[in-house]
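Colleague: I have a structure here, written as structure tokens, and I will follow up with some questions on it.
The values are calculated or read from the model by the stated rules, or taken from the named source; none is laboratory data. Quick caveat, the model's predicted, so the values are computed rather than measured. Surface areas here come from the heavy atoms of the whole protein model, side chains and all, with no ligands, DNA or RNA. Shrake-Rupley method; radii C 1.70, N 1.55, O 1.52, S 1.80 Å.
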Amino acid sequence: MSSDEPGTTPFHSVQASFSKFQRQYQQTLDRWTPHVFQRWLSTLFLLALFMLRIVLSQGWYIDGLAIYLLNLLLAFLQPKFDPSLEDDLLADEIEEGGDQSVPVLPSQRDDEFRPFVRRLPEWQFWLSATRATLISLFCTVSEVFDVPVYWPILVVYFCVLFALTMRRQIQHMIKYKYIPFDIGRKARYGGSK
């Protein structure tokens, strides 16, 4: 058997191994998909492990984990189709002399039902948060990422950033009258009352 035959090169075997690993990884993720509570519990455990690692190592680990998680949370709370952006686009089109008879989405209580579609779905939120936590936990092993800083400034910065962004997000939710969570009684169809 010669090494010139297709499929016997070292690159092909590495590629086959990588494909096998990718399939196994995807199968594992697919098995975890319906277990929402357990997934988030495991992510909270990883976050607690990360905090414990920082406390025990007594390091000055600067990580963007908190800011990244805040960014993910904001994307999770925002609608996929932002009404403020749609209003701006409609106003720009009218200013440019465009068609003014563009159909407007329902905005009254008696109008058509529109479900809340998130900019970042829950699955992607969980997966990104878990990956970021694992990477941050891995970074605590190396002293390359142990940069001395005055930590109270970072805590105040995060608190101010959190307060301002959440205030803006809540004002946006009030202005456009949407709630990003399923609160209240679920509607049941086809059953007796």
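Colleague: What figure, in Å² to the nearest 10, do you get for the accessible area of Arg168 with a 1.4 Å probe and non-protein molecules left out?
Modeller: 140
Colleague: Heads up, I need the accessible area for His12: 1.4 angstrom probe, whole protein in place, Å², nearest 10.
Modeller: 80
Colleague: Here's another thing I want to ask about it. Rank these residues by their accessible area, most exposed first, probe 1.4 Å: Asp146, Asp82.
Modeller: Accessible-area ranking of Asp146, Asp82, largest first: Asp146, Asp82.
Colleague: Working with all protein chains in place, sort Cys159, Cys139 by solvent-accessible area computed with a 1.4 Å probe, largest first. Spell out each step's value before the answer.
Modeller: Numbers: Cys159 75, Cys139 35 Å².
I get Cys159, Cys139, largest accessible area first.
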